Structures are given as structure tokens and as C-alpha cells.
1. Considering only residues that are open to solvent by 40 Å² or more (accessible area, probe 1.4 Å) and farther than 15 Å from Asp60 by Cβ, which ones fall in the stretch 101-114?
2. In the stretch 115-168, how many residues are among the hydrophobic types (A, V, I, L, M, F, W, C), without any contact (Cβ under 8 Å) to a residue 40 or more places away in the chain and assigned to a loop (DSSP other than H, G, I, E, B)?
3. Among (1) closer than 16 Å to Val58 by Cβ; (2) modelled with pLDDT under 95; (3) surrounded by 20 or more Cβ atoms within 10 Å (Cβ to Cβ), where does Glu117 come up short?
4. Out of the residues in the stretch 56-70 meeting the condition of being of a type in the set (Val, Ile, Thr) and in contact (Cβ under 8 Å) with a residue 40 or more places away in the chain, tell me which one is least open to solvent (accessible area, probe 1.4 Å).
5. For the stretch 140-156, what are the residues that are in contact with a helix residue (DSSP H, G or I) (Cβ under 7 Å, 6 or more places away or on another chain) and more than 13 Å from Gly75 (Cβ to Cβ)?
6. Please enumerate the residues belonging to the stretch 63-103 that are over 22 Å from the mean Cα position of the chain (by Cα) and among the charged types (D, E, K, R).
7. Assigned to a strand (DSSP E or B) and surrounded by fewer than 21 Cβ atoms within 10 Å (Cβ to Cβ): is that true of Gly91 in this structure?
Amino acid sequence: MSRSWSGRPRQRYFRRPRSRWRKILDYALAFAVLGLLILVSARLDRVETRRTEGVAVVNDGDSITLGGERIRLRGIDAPEYSQICRKDGAGYPCGRRSREALSKLVSGRQVRCAGWERDRYGRLLGECTAAGTDLNRSQVEAGWAVAYGGYEAEEATARLGRKGLWAGDFDRPRDWRNMHGDMVEIEHGSYGRMLNWLREIFRFS
């Protein structure tokens, strides 16, 4: 059996040595990644769950102050205290009604909250209970808050039953804040949770 041979020498491929600047860039990138990992490891305690309890002061329909800690009820959004909604052709102070509804749920009872995220205002985003009553869920079920990254099923039920805000017409709190020039906070979904995690890790105060 014959074999054909082209007579051309086999080509050899040589890897070009990396330039000095390329090496420096690679080392700098490696040190940057290592520094980031060290920073994240050193600050993981910031994303540990915080628990607090005591007698709460109700600020509005979705925020309280508990033992000096300002807490925003996570996953819900209530009308701003000065917000006006419409029912039966007339305006009514839905922001105050929402605050009154949360005050009735609390009613001087011991409140317990847990959470690890903080919003851009430094408030702890927490799930809170009063004597076993889930405050976040109850506000949405009663129609005095809307879903804001959680409790979508409870909102749908309240809307179907025309409870609270759903008995009339209203602007979503997020939209109302936007129309009145207030800073719009991030919805408490997975995207917001990621941003809050990054904010906590890289917060230097």
C-alpha cells in the first residue's frame, strides 16, 4: 500500500509570549477579584437576619418604628399618608385610612419583625407580626395596601371583594409618589432584593 507525501515540512505553532502589560493587567484583575471576595466575606454579617420586638409606633400604612428601628413592611405598598383616593364620586383620605387599619392590627400589642434588607432610606425591610397576626399579609388582604413584590394572591382576593382601596379608584402608591416628585423606591421583588444585597455589602457606614 502506497502513501502519498506532499514533501512539505509539518508546520509548528508557537504560542507568542504575553507582553509585559498583559501580565500586569492579568495580575491586577486577579488581585481585584481576590479583594472583592475578601470584602464580601468580611461583610456577610450585614445580610444576616435581624430580629426586633417591642411596642410599635405606626408611621403610615406600611411602616412602623420599633425600639428605635425604622421598619418598612416588606412586599407591600400602602398609600402615602397625605394621599387622596376616590370613592362614590368623592375624595377621601385613603393614606390615613391605611394607617388607621395598621394601627388597629397593632393596637398596643407586642410586635415582632425580622428581615435583613434595608431600603435606600435605611429602613429595615421586614415581615412583622402582632400577637400572631401577619401585618404585611393582613394589610393587603384588607385592601389597604397593594402587592409590592409579594402577596399577589392576597391582592387579587381583595380586589375581587372590592375591599379597602379597591372599593373605589386610586393611584398606585408608586405612581402617586412619582407624580408628586417623591423618590420612587424599588419594588421588593428579586431584582430589588439583589440591589439591596449589594447596597448592604458595599455600604461603608
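The values are calculated or read from the model by the stated rules, or taken from the named source; none is laboratory data. Keep in mind that what you see is a predicted model, and the values were worked out from it rather than measured. Heads up, the Cβs are rebuilt from the backbone with ideal geometry, glycines too, and the neighbour counts pull from every protein chain shown. Side chains are part of the model used for accessible areas, which takes the heavy atoms of the whole protein and leaves out ligands, DNA and RNA. Shrake-Rupley method; radii C 1.70, N 1.55, O 1.52, S 1.80 Å.
1. Ser107, Gly108, Arg109, Gln110, Arg112
2. So in the stretch 115-168, the residues among the hydrophobic types (A, V, I, L, M, F, W, C) come out as 116, 124-125, 128, 130-131, 135, 140, 142, 144-147, 153, 156, 158, 160, 165-167.
Checking the rest, the ones that are also without any contact (Cβ under 8 Å) to a residue 40 or more places away in the chain come to 131, 153, 156, 158, 160, 166.
Then keep just the ones that are assigned to a loop (DSSP other than H, G, I, E, B); that gives 131.
Qualifying residue count, the stretch 115-168: 1.
3. It is condition (1) that Glu117 fails.
4. So the first thing to find is which residues in the stretch 56-70 are of a type in the set (Val, Ile, Thr), and the list is 57-58, 64-65.
Checking the rest, the ones that are also in contact (Cβ under 8 Å) with a residue 40 or more places away in the chain come to 58, 64.
Details: Val58: 16, Ile64: 1 Å².
Taking the candidates together, the pick is Ile64.
5. Residues of the stretch 140-156 that are in contact with a helix residue (DSSP H, G or I) (Cβ under 7 Å, 6 or more places away or on another chain), as a first pass: 140-147, 149, 151, 154-155.
If the condition is that a residue be in contact with a helix residue (DSSP H, G or I) (Cβ under 7 Å, 6 or more places away or on another chain) and more than 13 Å from Gly75 (Cβ to Cβ), then Ala142, Gly143, Trp144 are the ones that fit.
6. Correct list: Arg86, Lys87, Asp88, Arg96, Arg97, Glu100.
7. On the way: assigned to a strand (DSSP E or B): yes; surrounded by fewer than 21 Cβ atoms within 10 Å (Cβ to Cβ): yes.
Considered against the rule, which asks whether it is assigned to a strand (DSSP E or B) and surrounded by fewer than 21 Cβ atoms within 10 Å (Cβ to Cβ), Gly91 comes out as yes.
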